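Working notes for the structure below.
The values are calculated or read from the model by the stated rules, or taken from the named source; none is laboratory data. Everything numeric in this text was worked out from a predicted model, so none of it was measured. Here the Cβ is made from the backbone with ideal geometry for all residues, glycine too, and neighbour counts use every protein chain on show.
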Amino acid sequence: MAKNVRVGISIGDVNGIGPELIVRAFADSRMMSNITPVIYGSAGVLNAHQEGLGVDKIAFTEINDARNLVQNKLNIVKLWSDDTSLKLGSSTKEGGECSFKSLEAATTDLASNKIDVLVTAPINKDNIQSEGFDFPGHTEYLAKLSNVENALMFMCSDNLRVGIVTGHIPINKVAQTLTQENILEKIIQMNSSLIQDFVINRPKIAVLGLNPHAGEKGLLGGEEKDIITPAIKRASEMGILAFGPYSADGFFGSTGFKNFDAVLAMYHDQGLIPFKALTFGRGVNYTAGLPIVRTSPDHGTAYDLVGKGTASLTSFQSAVFLARDVYLNRAFQKEVSLAPLK
């Protein structure tokens, strides 16, 4: 428990905001608290972003293998040459290729126990598409690698946690995708994560409806009555403190979310719009339900902000610290569970 947590960081789109966030964040020595960062990419990319900012460069320790990381230093596992072509602030094919190389190397090292956790800088979901990455996002890619059928996208901040049942799918497929089984599965995943990863005893979970006003007893749709309510009932019978379904607009508008440890939304924008409206710049995208720990900032590549030095660091910093904290929470609970009874 005394050793630093080895935090692997995939660099994201090399022309996006990710590399800038990395160099600006780790210019603050407080970011090294109980962690050893391992960045997957090249010093050339990070230096190019530093030059655009017009600030003093921070020092990197280049290594060829994460086994050779240096404690209390900013390590870089070099994956490509320093003369890689960059077009800062723009989406390019090479930018997508580099982002996948970084992600692939980081996940391989995570599986090999060379690093303890993974923080993913933002990717461009279009230019990263390739034979190796045919997924709508990080969540689905990591679930596949972990042999987990459905991971939980869990958006977390200091005062709000929101998970979603259906992820990156078209809105016209949401209703037909919802079943009692997958709603119950997400409730179970959320409950387990709150206990294991956030050390919350007997967490309370609010479940949102799908339709306006949670269906108005079937007048505005039958999913609440036929699918969502029975799933909540089944969760309750398992001892999980799940409540609802609640009407999404009134629930967030009345600050009802403050009475719960987490909220389960039915689809992406139903959960992420209020989450980002209430917490933007401070939230973290955490992938729950996996055997590994992965976090990410709650924003995208932000090409329009690259090189200006004005993008907020808070979400990236929070992602690093949440990954560290979840890893330590899991280690502590494992240690406690293995301790002999007196």
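Considering PHE100, PHE135, which residue is surrounded by 16 or more Cβ atoms within 10 Å (Cβ to Cβ), in a loop (DSSP other than H, G, I, E, B) and either of a type in the set (Lys, Arg) or free of Cβ contacts under 8 Å to residues at least 40 places away in the same chain (or both)?
PHE135 is the lone residue from the list that is surrounded by 16 or more Cβ atoms within 10 Å (Cβ to Cβ), in a loop (DSSP other than H, G, I, E, B) and either of a type in the set (Lys, Arg) or free of Cβ contacts under 8 Å to residues at least 40 places away in the same chain (or both).
Only one entry of HIS213, HIS299 meets the criterion of being at pLDDT below 95 and outside the structural domain of ASN159 (by TED's automatic domain parsing), and that entry is HIS299.
Picking from residues in the range 246-277 that are polar (S, T, N, Q) and not in a helix (DSSP H, G or I), the one that is surrounded by the fewest Cβ atoms within 10 Å (Cβ to Cβ) is THR255. Being outside the structural domain of PHE257 (by TED's automatic domain parsing), surrounded by fewer than 17 Cβ atoms within 10 Å (Cβ to Cβ) and under 30 Å from ARG30 (Cα atoms) is a condition met by no residue of the range 121-130.
Residues of the range 238-250 that are more than 24 Å from the chain's Cα centre (by Cα) and either of a type outside the set (A, V, I, L, M, F, W, C) or closer than 13 Å to LEU210 by Cβ (or both): GLY239, GLY244, PRO245, TYR246, SER247, ASP249, GLY250.
Whether a residue is buried (at least 19 other Cβ atoms within 10 Å of the Cβ), without any contact (Cβ under 8 Å) to a residue 60 or more places away in the chain and touching a Gly at 6+ places or on another chain (Cβ under 8 Å) was assessed, and ILE76 passes this test.
Scanning the range 290-312 for residues that are part of a loop (DSSP other than H, G, I, E, B) and either among the β-branched types (Val, Ile, Thr) or buried (at least 24 other Cβ atoms within 10 Å of the Cβ) (or both) turns up ILE292, VAL293, ASP298, THR301, VAL306, THR310.
Count of the range 34-47 residues, restricted to those that are closer than 20 Å to GLY95 by Cα and either assigned to a loop (DSSP other than H, G, I, E, B) or of a type in the set (S, T, N, Q) (or both), is 2.
Of all residues assigned to the range 48-68, none qualifies as being surrounded by 21 or more Cβ atoms within 10 Å (Cβ to Cβ), part of a loop (DSSP other than H, G, I, E, B) and of a type in the set (A, V, I, L, M).
A single entry from ALA231, ALA214 fulfils the requirement of being in contact with a Pro (Cβ under 6 Å, 6 or more places away or on another chain) and either under 29 Å from PHE26 (Cβ atoms) or of a type in the set (Gly, Ala, Ser) (or both): ALA214. Across the range 184-202, the number of residues qualifying as without any contact (Cβ under 8 Å) to a residue 60 or more places away in the chain, within 16 Å of ILE232 (Cβ to Cβ) and either crowded, with 21+ Cβ neighbours inside 10 Å or among the hydrophobic types (A, V, I, L, M, F, W, C) (or both) comes to 3.
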